[in-house]
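The next block holds one structure in the form of structure tokens; read it before the comments.
Where a number appears in this text, it was derived from the coordinates with a stated rule and is not lab data. No experiment lies behind these values; they were computed from the predicted model shown. FYI the Cβ positions are ideal-geometry reconstructions off the backbone, even for glycines, and counts take in every protein chain you see.
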Amino acid sequence: MNSNSNDVVAARRRALAEALRQGEPVVVSPTGEVAKKEDVQDTGMATIQVPNGKLA
Amino acid sequence: MAYYWYQNDPELYKAEVMAMRKYFPSFQINQLQDGSGRLYWRGKVQPTGEGGMVWDLMLIYKNDHPHASEGEYGGSVQILPIQPRLKDIAQKMMPILEQTYGSYENCARRGFGLGLPHIYRNNFGRNEEYFICTADPKYFKAGQNRSTSAASALSWACKWIMLCEMWLNGEISDDVALEGNY
């Protein structure tokens with residue numbers, strides 16, 4: 001993986017972590033990809049919302 | 001009464017299969033060949049999307065599914081990463097953590113006794129393995145009308161993986177990783 005794609009992945013992770021910290025709804029796609037609900041809601045993809053709550 | 005949850009409650013078994021087929025259709029269900037009768041799902045996820053790490057996971061039902069008791073982190077669906085193996089990552093991280101905190105005892109006091117945040121160990125076959133510690137028991141649903149399914153446990157695990165990758169890459173602090181307040 002080159003540094004550009006590393007940066008893209010890191011930026012995506014930061015945005016998701018921030019969304020989680022803000023309590024925004026986050027979903028998981030069939031490939032396991034974590035995404036903000038608002039980013040995938042128009043795709044028609046079956047996604048599951050990550051339950052709220054702290055990691056143990 | 002049958003010993004296995006999927007014999008006692010075929011409707012719950014159907015619901016579990018339907019949820020996984022809907023949300024994670026690439027995962028396959030099977031039975032452990034260790035005589036325990038436990039069912040498991042196996043498949044791959046890529047929580048940070050294209051370019052991120054691919055994790056090969058097993059989701060193993062305990063025979064008392066659905067169930068969660070005090071100190072039983074992750075409830076009755078255990079999540080075991082096959083590749084990468086958590087024990088291998090944790091063993092690489094432990095010397096770094098010991099250097100940071102001065103001793104193993106200090107690491108353990110901080111919550112890094114196993115080398116990674118939010119994991120637990122358990123016997124699996126002949127080995128001791130490290131599992132993803134997903135849900136605090138108080139968030140695990142195990143009521144008569146609603147239970148935490150393998151699908152929701154897996155969604156939780158994907159969140160854990162994303163945060164774990166961030167911590168391993170130094171993108172979040174030890175405190176944030178330990179807090180787990182996501």
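So the values come out like this:
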read-out	value
Subset of region B:1-26 [over 18 Å from B:LYS159 (Cβ atoms), within 14 Å of chain A (Cβ to nearest Cβ) and crowded, with 16+ Cβ neighbours inside 10 Å]	B:GLU16
In region A:10-31, the residues that are in a helix (DSSP H, G or I) and of a type outside the set (Asp, Glu)	A:ALA10, A:ALA11, A:ARG12, A:ARG13, A:ARG14, A:ALA15, A:LEU16, A:ALA17, A:ALA19, A:LEU20, A:ARG21
Test: residue in region B:89-110 that is touching a Gly at 6+ places or on another chain (Cβ under 7 Å) and farther than 28 Å from A:ARG14 by Cα	no
The lone exception for B:ILE29 - which of (1) surrounded by 16 or more Cβ atoms within 10 Å (Cβ to Cβ); (2) within 14 Å of chain A (Cβ to nearest Cβ) it fails	(2)
Test: residue in region B:40-53 that is of a type in the set (Phe, Trp, Tyr), touching a residue at least 12 places away in the same chain (Cβ under 8 Å) and more than 14 Å from chain A (Cβ to nearest Cβ)	yes
Single condition B:LEU59 does not satisfy, out of (1) within 14 Å of another protein chain (Cβ to nearest Cβ); (2) free of Cβ contacts under 8 Å to residues at least 40 places away in the same chain; (3) under 15 Å from the mean Cα position of the chain (by Cα)	(2)
